[in-house]
Amino acid sequence: MTRSVTVRVPAKINLHLSVGDLRPDGYHDLVTVYQALDLYDEVTVTPAAEISVRTPGYPEVPTTTKNLAWKAALQLLKLTESGEGCPVAIEIDKQIPVAGGMAGGSADAAATLLACNTLWGLDLSRSRLAEIAEQLGSDVPFALAGGTAVGTGRGEKVAPVLLARHQFHWVLALADGGLSTPKVFAELDRLRAAGPVPRVGGVDEVLTALATGTPEALAATLGNDLQAAAISLNPALRRTLNAAMQEGGLAGIVSGSGPTIAILCADAESAADVAANLAGRDVCRSVRVASGPVPGAKVVDRT
Ligand code: C5P
């Protein structure tokens, strides 16, 4: 009888994020290229009298039914027909920045699905879990899949980019405070209604750059339609982006809806240098080095 299951789940950045117009359902169609990085949350589920969530050290993360991990456990529990499931205590060891544009909440939901699937012996396939994941949030299916992938629809339809085998080295500049994803999308709508805003265009160039494998080629193709909106809500991000280039980054972009900045570097050594130099300047809260792609959510322990 398994008593607890721990799943490790990666953060994501978007190498390319092209945002279409607002849809009637309140979402935006988008075309994105996700990459999973070796910055992980660990989620442990243990049978309990009722569902609960703990995120030690992160009082700002909701521990109520608003937490996506809670919703994930409840959703899967409702789907178990013959009583295999049970309420779980969910403990989240967070490394992924909170409200940082790196899909930390979505990652925790993906990890909870996989952990409960294992704890309860449901044996649901990855594709069935992905179907449940997409009801929880646009980025949740990618957190299950990992690697490098193209996302379409509202981001939930995920297709792996099989040619992307090269390892890329990143510096992540974490900002003070977070940005709310709906507010950043709404800000983009507002900016677009006020006048023309440049768009990142098609995805082909980034896919070609991923296939050739050089970081310099990839750097030239990075782009994010949400960047203008994130900077509009948090103008200090421009200073971080400028500093990243001055310190030797090949290119910097806002990650997803921000405010984390992802800086592509030539190699691991360069990433360590850029991180050290950025940390010595007053342009962000803290820095991390990371590399990707890495696999998606994975069971790492069961007792
Ligand atoms: O899917 P998720 O719950 O993570 O999305 C959070 C919010 O971000 C949505 O309610 C919507 O306001 C915005 N969003 C969007 N278009 C997308 C994805 C998210 O407008 N493709």
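The values are calculated or read from the model by the stated rules, or taken from the named source; none is laboratory data. The shown structure was predicted, so the numbers you read here are calculated from the model rather than taken from an experiment. Cβ atoms come from the backbone with ideal geometry, glycine included; neighbour counts cover every protein chain shown. Calculation scope for accessible area: heavy atoms of the full protein, side chains included, ligands and nucleic acids excluded. Shrake-Rupley method; radii C 1.70, N 1.55, O 1.52, S 1.80 Å.
About the Cα centre of the chain, how large is the charge dipole given +1 on each Lys and Arg Cβ and -1 on each Asp and Glu Cβ? Please answer in debye to the nearest 20.
300
What percentage of all Cα-Cα pairs in the chain are separated by more than 30 Å?
Value for the chain: 30 percent of Cα pairs lie more than 30 Å apart.
For the chain, with all protein chains present and a 1.4 Å probe, just round the carbon and sulfur fraction of the accessible area to a whole percent.
Carbon plus sulfur share of accessible area: 52 percent.
Which net charge results for the neighbourhood of Ala193, defined as the other residues with beta-carbon distances under 15 angstrom from its beta-carbon, given Lys and Arg at +1 and Asp and Glu at -1?
Computed value for this residue: -1.
Once phi is turned into θ = phi - 60°, what whole-Hz ³J(HN,Hα) does the Karplus curve with 6.51, -1.76 and 1.60 give for every residue of region 79-85, x standing for Gly and Pro?
Going residue by residue, I get 7, 7, 7, 9, x, 5, x Hz, with x marking Gly and Pro.
What 222 nm value per residue comes from the helices of the chain, counting each DSSP H run with n ≥ 4 as -39,500 (n - 2.57) and dividing by all residues, nearest 500 deg cm²/dmol?
Result for the chain, helices only: -10000 deg cm²/dmol.
Step through the table entries Lys183/Lys298; Lys94/Lys183; Lys66/Lys94; Lys71/Lys298, compare each Cα-Cα distance with 22 Å, and write down the pairs that go over it.
Beyond 22 Å: Lys183/Lys298; Lys94/Lys183.
Express the accessible area of region 3-149 per residue in Å², computed with a 1.4 Å probe while the remaining protein chains stay in the model.
Normalised by residue count, the accessible surface of region 3-149 is 39 Å².
Using Cα pairs closer than 8 Å and at least 6 residues apart in sequence, work out the relative contact order for the chain, in percent.
Worked out over the chain, it gives 27 percent.
Net charge near Pro295, counting Lys/Arg +1 and Asp/Glu -1 over other residues with Cβ under 12 Å of its Cβ?
Here the count lands on +2.
Which residue fluctuates most in the GNM of the chain (Cα springs below 10 Å): His28, His169, His16?
Of His28, His169, His16, the most mobile in the Gaussian network model is His28.
Of the residues Gly178, Gly57, Gly195, which exhibits the maximal mean-square fluctuation in a Gaussian network model of the chain defined by a 10 Å Cα contact cut-off?
Looking only at Gly178, Gly57, Gly195, the biggest GNM fluctuation is shown by Gly195.
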